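The values are calculated or read from the model by the stated rules, or taken from the named source; none is laboratory data. Given the structure is predicted, the values throughout are model-derived calculations rather than measurements. Glycine gets a Cβ as well: all are built from the backbone with ideal geometry, and neighbour counts include every protein chain shown.
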Amino acid sequence: MNKIFIEELTSEKDLYLEESTIVIVKSSDCKLNYFIKDEINIFTLIMSSSVKVSCMVECNSIFNMFSVNSSLSVNIDLLNDDINYRYAYSTINKDNNDYEININHLGNNIISNITNHGINTEDNKLLFVINTIVPKNSLNITTNQDSKIIALKDNNASIKPNLLIDNDDIEANHAAYIGRFKEEELFYLMTRGIKKEDAVDLMIKSFLIGNMEINLEEKELILDTINAYWR
Amino acid sequence: MDIEIKDLTVKVNEITVLDNFNLSIGKGEIHVIMGPNGVGKSTLSKVILGSSDYNVISGDILVDGKSILNLSTDERARLGIFLSFQNPIDIEGVTNQEFLKMAINSNRETPIGLYDFIKELEQNYKDLNFSKEMMHRGINQNFSGGEKKKNEIIQMKTLKPKFLILDELDSGLDVDSLDLVCKNVLEYHEKEKCSILLITHYNRILDKIKPDYVHVLVDGKIVETGDYTLADKIEKNGYKSFENSAKVLRED
């Protein structure tokens, strides 16, 4: 599997990715410009960074992004007709961080599914702003956004799910949840002999990884990152 | 495993749900608790596993002569107590396989080998007539009511407990599935000589799992204990005839 490392303090990169390429950003303030021209499933890992992502999508594709304690501003342009697009973002967060994404539907007959999962480990600020944008001349759009933040301590997280729709011919859904893991879920796991802290660990990892469509190597990379960061 | 529940009084929000409750279950015995809705049957199962939703006011729960009241839920489970839930919840993202592997390893000094684990799990899925692909799904995710009950029994067979609490095992199961689930429970009971506490409304399951004792629970107390024929009496007359017994006990 190809890996592209970005560790410069400031940089701007144009990325024309092939299947099975992982982009890893560490401690950088950078801008990443993705150009998606083939049907691929891509994965990007961002650690302790402030990143602007621009993604120009011309065909069906899946974009998975995992971040640790980072601020992100993401702009997705779905450029052509008949695109089926899946975007999955998961983050584990300790400090004050913002995450904002615009999903621009610029063609007709587009299906987009956007899911965002966050774990807030401290009582810091974590803000999700999710903007689904459908201009007037884009027809027959189906778009879903679903965002969840689990607060492990006192909650100081918020989600702003925005549907900015200038068209009647669309189906748009949004959902947002901020809270803790359910006590009944932890109780269920503990009735099978799993210690509470292990049950929480299992729920965290499953919540973050289960959101994404990734291969085994990418999953291992996320697990290593979570293990290094969490406990 | 011997279980003794002594003079147990439990409250939820100042409401008494178990009232000086007593029950002894010897090793390998099968006990059934029957009763109408809302009398404390499911409460009892969750109290035995240490749910924080309930306050134990007085009394004790002894396992092989030792109190478990100060143990956490996971510690009680690692002793060998297993609860098959009335309504098993689904947990998105946590796969059956990941969760069961963690549960097994929580009670072992060295982690189970992947080959042994998968081999056993596949056999247990086969025994319950379940596709082994289900082990990669989230816990009970998109399972029907019957599939959830089968999944509880798969967990039971994999974790090998010594005391089974089967809370309304028969609800949500069709006739064939009930046969299959009961067959697996009986085979496990025969092999492991485990103790069983079966909680149910109906006696149809007792045709398949023959109990040593039947207890009737009304208003948080056992009001009558008997053999299998007591279940027939309930089937014939309902629970109303036991309400007077509960009233007398309350007055005492």
Where A:Leu139 falls short, out of the listed (1) within 14 Å of another protein chain (Cβ to nearest Cβ); (2) out of contact with any Lys or Arg (no Cβ under 8 Å at 6 or more places or on another chain): (1)
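Is it true that B:Thr95 is among the hydroxyl-bearing types (Ser, Thr, Tyr) and without any contact (Cβ under 8 Å) to a residue 12 or more places away in the chain?
no
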Set B:Asp179, B:Asp207: member being surrounded by fewer than 22 Cβ atoms within 10 Å (Cβ to Cβ) and either in contact with a Lys or Arg (Cβ under 8 Å, 6 or more places away or on another chain) or closer than 30 Å to A:Phe207 by Cα (or both): B:Asp179
Filter pass, B:Leu186 being under 29 Å from A:Phe187 (Cα atoms) and assigned to a helix (DSSP H, G or I): yes
Search result, residues across the range B:217-229 that are in contact (Cβ under 8 Å) with a residue 40 or more places away in the chain and over 19 Å from B:Thr9 (Cβ atoms): none
Single residue of the range A:5-35 satisfying the filter (of a type in the set (Val, Ile, Thr) and modelled with pLDDT under 85) that is nearest to A:Leu79 (Cα to Cα): A:Thr21
Total residues in the range B:83-124, condition out of contact with any Lys or Arg (no Cβ under 7 Å at 6 or more places or on another chain), farther than 21 Å from A:Ala199 by Cβ and among the charged types (D, E, K, R): 3
Number of the condition not met by B:Asn96 [criteria: (1) surrounded by fewer than 19 Cβ atoms within 10 Å (Cβ to Cβ); (2) under 26 Å from B:Glu190 (Cβ atoms); (3) more than 18 Å from the chain's Cα centre (by Cα)]: (1)
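The rows are residues; the columns are (1) charged (D, E, K, R); (2) closer than 26 Å to B:Phe85 by Cβ.
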site	(1), (2)
A:Glu184	yes, yes
A:Gly193	no, yes
A:Leu202	no, yes
A:Met212	no, no
Test: A:Glu171 is within 14 Å of another protein chain (Cβ to nearest Cβ) and surrounded by fewer than 19 Cβ atoms within 10 Å (Cβ to Cβ): no
Residue count, the range B:11-63 (criterion: under 16 Å from B:Gln86 (Cα atoms) and among the basic types (Lys, Arg)): 2
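In this structure, is B:Met135 surrounded by 19 or more Cβ atoms within 10 Å (Cβ to Cβ) and modelled with pLDDT of 95 or more?
no
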Set B:Met34, B:Met1: member being at pLDDT below 95 and touching a Cys at 6+ places or on another chain (Cβ under 9 Å): B:Met1
